[in-house]
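A.B. asks: Below is a structure I'd like to ask you about.
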Amino acid sequence: MSYSLQKKLVVVSFLFVPVALLLLFLLYPSLRLLQFSLTDWNGISKSFHYVGFENYIDAFSNPDVWKALTNNFLYFGIHAIFIPLEVMIAVFLNNKMRASNFFRSIVFMPYILNGVAVAYLFSFLYNPINGPFNALLESLGLESWIQNWLSDKSVVNYSLIVVSLWRFSGLHVILFLAGLQSIPNDLYEAATIDGAGPLKKFVHITLPSISRVMEIVLFLNVRGALQVFDIPFLMTQGGPGLASTTFTVYTIQTAFKYNNYGLASSLAIILMLMIILFSYFQGKLFKGKGD
């Protein structure tokens, strides 16, 4: 047996298991999901009927789906607004100061907490009867600010987004911090010699150097915003009514509460396509930047 053939056999042997797992747990379920999206399957019966693109038409013509998507984009918009603040915090933590490692750990801590624990923690904080948040507002003389944070349609989404920001912003800060620490100090020293101030250094050195990290954070924002599930599901069940229902919550309820697996499968396909499209256009937007 020749050396080149032995080399090919080794490569094929190492690739066989991961490729097989990829086909089994990713490609096959995706194809089955696409199949079910074209049927009226209820998730229980052994038989189903093909209905073509009827589920997709129902999805796009359903106002509840658009309401859920609006809530998703609200998550994305507010998270995107907070990106400059996350960059500023990362810049602050990147400076040499006492107990910097401690502050970095504190910033990252919410992200590693269990989502169920975070949901129950903030459900207690938002409790309108004996919750600490309303009690704090009352002690400060701000009784007019007291709200039913999880049952008022006008504020429930913002209350949940605060939880999302608290939980995930720390991850973004750490990613920005890693990007900042990868920038050579020689660039800043050369800029100082040329007479550049802190603002010019930040605009012309820092921001271009962390553009790749920015792209990753934006992708995480898009994917996370479109897949928001645990926080609204555990804290409000998508209520009151459909006020805090997100696209994923609506999809899960369609499948397991209303046994409409065909429509739920079409919603899952739409979600997957939206993530792919956003990722594609984001790649086009950042193409060439940071190189």
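The values are calculated or read from the model by the stated rules, or taken from the named source; none is laboratory data. Note that the structure is predicted; figures quoted are calculated from it, not measured. Quick reminder, even Gly has a Cβ in these numbers, built from the backbone with ideal geometry, and neighbours come from all protein chains shown. We work out accessible area using only protein heavy atoms, side chains counted, and drop any ligands, DNA or RNA first. Shrake-Rupley method; radii C 1.70, N 1.55, O 1.52, S 1.80 Å.
A.B. asks: Sorted by mean Cβ packing within 10 Å, highest first, what order do the peptides 170-180, 42-52, 216-226 take?
C.D. replies: 170-180, 216-226, 42-52
A.B. asks: Based on alpha-carbon positions alone, could you give the equivalent ellipsoid semi-axes of region 62-287 from the gyration tensor, as √(5λ), descending, whole Å?
C.D. replies: 36, 25, 14
A.B. asks: Okay, next question. Please work out the C-alpha center-to-center distance from region 251-291 to region 62-113 and express it in whole Å.
C.D. replies: 22
A.B. asks: Another question, if that's okay. Would you please give the FRET efficiency between SER100 and LYS257, computed as 1/(1 + (r/R0)^6) with r the Cβ-Cβ distance and R0 = 45 Å, to the nearest 0.05?
C.D. replies: Values: r = 48 Å, r/R0 = 1.06.
Efficiency at R0 = 45 Å is approximately 0.40.
A.B. asks: Roughly how many whole Å is it from the C-alpha centroid of region 43-60 to that of region 121-137?
C.D. replies: 43
A.B. asks: Sticking with this one: Under 5 Å between amide hydrogens, which residues at least 5 positions from THR39 or on another chain qualify, with H placed 1.01 Å from N in the peptide plane?
C.D. replies: VAL51
A.B. asks: Let me ask another. Rounded to a whole number, what % of the accessible area of the chain do carbon and sulfur atoms account for, probe 1.4 Å? Intermediate values should be presented prior to the final figure.
C.D. replies: Working: 12260 of 17630 Å².
Answer for the chain: carbon and sulfur cover 70 percent of the accessible area.
A.B. asks: If you don't mind, another one. Excluding ligands, DNA and RNA, what is the solvent-accessible area per residue of region 62-287 at a probe of 1.4 Å, expressed in Å²?
C.D. replies: Dividing the accessible area of region 62-287 by its residue count gives 54 Å².
A.B. asks: Let me ask something additional. For VAL17 and TYR158, FRET efficiency with R0 = 51 Å and r from the beta-carbon atoms, rounded to 0.05?
C.D. replies: So the FRET efficiency works out to roughly 0.65.
A.B. asks: Could you give the radius of gyration (one decimal) and Dmax (whole number) of the Cα atoms in region 1-131, in Å?
C.D. replies: 25.3, 78
A.B. asks: Membrane-span-like helices in the chain: DSSP H runs reaching 18 Å or more (Cα, own axis), mean Kyte hydropathy at least 1.6?
C.D. replies: 261-286
A.B. asks: Using helices alone, I'd like the mean residue ellipticity at 222 nm for the chain: each DSSP H run of four-plus residues gives -39500 (n - 2.57), total over residue count, nearest 500.
C.D. replies: Estimated from H runs of four or more residues: -21500 deg cm²/dmol.
A.B. asks: Still on this structure, I have one more. Taking every eigenvalue of the Cα gyration tensor of region 5-67, multiplying by 5 and rooting it, what semi-axes result, largest first, whole Å?
C.D. replies: Computed over region 5-67, the values are 39, 15, 9 Å.
A.B. asks: What ranking do 247-253, 191-197 get when scored by the average of other Cβ atoms within 10 Å per residue, highest first?
C.D. replies: Top of the packing list down: 247-253, 191-197.
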